[in-house]
1. Got a number for residues in segment 534-564 being in contact with a strand residue (DSSP E or B) (Cβ under 6 Å, 6 or more places away or on another chain) and part of a helix (DSSP H, G or I)?
2. Can you tell me which residues in segment 509-533 are in a helix (DSSP H, G or I) and crowded, with 22+ Cβ neighbours inside 10 Å?
3. When you go through 406, 446 one by one, which is the residue that is out of contact with any helix residue (DSSP H, G or I) (no Cβ under 6 Å at 6 or more places or on another chain) and assigned by TED's automatic domain parsing to the domain that holds residue 530?
4. Within segment 476-507, which residues are within 11 Å of residue 451 (Cα to Cα) and not in a loop (DSSP other than H, G, I, E, B)?
5. Just to be sure before I move on: is residue 449 at positive phi and not in a strand (DSSP E or B) in the structure I sent?
6. Inspect all residues belonging to segment 584-592 and state whether any of them is buried (at least 24 other Cβ atoms within 10 Å of the Cβ), part of a loop (DSSP other than H, G, I, E, B), in contact (Cβ under 8 Å) with a residue 40 or more places away in the chain and on the phi < 0 side of the Ramachandran plot.
7. Return yes when residue 613 is without any contact (Cβ under 8 Å) to a residue 60 or more places away in the chain and closer than 18 Å to residue 65 by Cα and no when it is not.
8. Go through the residues of segment 647-662 one by one and say whether even a single one is buried (at least 20 other Cβ atoms within 10 Å of the Cβ) and in contact with a strand residue (DSSP E or B) (Cβ under 8 Å, 6 or more places away or on another chain).
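The values are calculated or read from the model by the stated rules, or taken from the named source; none is laboratory data. The model shown is predicted, which means the values in this text are computed figures rather than measured ones. Every residue, glycine among them, receives a Cβ derived from its backbone with ideal geometry; neighbour counts consider all protein chains shown.
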């Protein structure tokens, strides 16, 4: 709407399966294409390779416990080739210099795009391009026309005024390039992208349309994750107001927009309805992210749309039909809305009054904006879905997401806050078991992973599982958690195991002082960074915890950073700034590596690890277990050979939660656990 359209890129995640396959092979004098085929035959038996380009270059290469995907990438680098896997699980390779593979796929900026099922949009066709430049006080004018396009679509002109163009030949080239881009209908539809680049809303992508190989510029606006079929859909809006010229100019623009400091940024997610400016979220020159209108001509923030002095704001709600911004939302302890439109406020109030015990989100709507799907949810249910009709204000229930779960049997999540020892306010959530007959109960401390994410109020199956066993559960958004502003995130830099850990400890002490937790029955459980926090908790405060559960957690700061996968190179640079540098911060890393401080641990421990974890390698858990065994500390170790960073196979998840239930019951003693 509003002259905008979307390109949908669908990432085929067959490649992710290759991260879970570890290769140990030694090749001497073998051709690269033969090496590829041998690897596929041995390690990817349900894949084929009918499109492997022949490359007989003799190669000596050794792979030692290396993910198959990384092996293929290493061969790509050696051969100067690109590799992708199509939807039929068939490998394709071809030389990077060729830029395409029989028009089936295109390479752009090391990402592979396969176009399919594209339609056309002639609304923005322009077949007469007039370019005005200036040399001194004299005008520079050039015109580029396409007669065939004018015959089909009539003459449609576009004028480019750019005073930096001072040469008639350059003006003509600009006009010709723009004419080539715009004289045919714009393609729109879906495209499959293999080796999907890591994108964030607001990032740019450049796509070439075969067979014309013309540049188009897009900006990512949102993601849709589809777990069952292992796909991610990324939606883009085209940058129509920015000229699409030569490759070198486009790349220059891209370089000019690159963000150096990831915590001082402006991200866009939609155009204004006149298609002239952008709605953006920004924390440039401010602490809390706010929503602005961004002036594309002046290249600066202009109108402030909405801000909240306490938390970041990142969500804007709009009516495409009425072409207006209707609301914004933000999260403090729970999600809050502020409305700029009486009609939208009236609709929300009607639904909220009808479903007053729930948070109500409008998750889908009809093109005419008269029918809405409402997801109604709270902390004790996965929610129900309703159909709302704005013509007659009728609300009809469609279905319950999990009808077998009854709210009366589940525990309430209570927003809480406390002060850390340095005075910083920490927000979090406390969930108490339904049958809390005693004043002080056994407590499971559950710090989130990330660490640069946050916990939210709402239905959490792990929390409910623990509460159902009779435990109180404490979650906290320690410093570094997102949503509380830039300074709150920066307060976590190089504080793994230090102030970040103190925030967790101070939360536990708060529950004891409030007589919520039985001080002799406290356990700590976390995954990823949360697993690291569990390990550091029993290193720094061994008398505080009666039991600990580490799920795919980091144990050694040095080896953690050394073993990050090669495609994390940019993240690794950020981690050196945010976590620490192994060389510059050596002494701190020794102090904050649980595996190097196992002599301080006396708490019983359960560790769970995926054998093929690409983020936190199995060696992190191996060395922790070995260090504890040398100290005579009891440790239970669960390894699943077919898992990565976290367990995703249902039978493995059952095994893990069953083991944790038995383990916690043994050490913090809920004999009446259900």
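1. Of the residues in that region, 4 qualify.
2. Of the residues in segment 509-533, the ones in a helix (DSSP H, G or I) are 509-513, 529-533.
Scanning segment 509-533 gives 511, 529, 530, 531, 532, 533.
3. 446
4. Those that are within 11 Å of residue 451 (Cα to Cα) and not in a loop (DSSP other than H, G, I, E, B): 477, 489, 500.
5. On the way: at positive phi: no; not in a strand (DSSP E or B): yes.
Criteria not met by residue 449.
6. Looking for residues that are buried (at least 24 other Cβ atoms within 10 Å of the Cβ), part of a loop (DSSP other than H, G, I, E, B), in contact (Cβ under 8 Å) with a residue 40 or more places away in the chain and on the phi < 0 side of the Ramachandran plot, one finds at least one in segment 584-592, hence yes.
7. Numbers: without any contact (Cβ under 8 Å) to a residue 60 or more places away in the chain: no; closer than 18 Å to residue 65 by Cα: yes.
No.
8. yes
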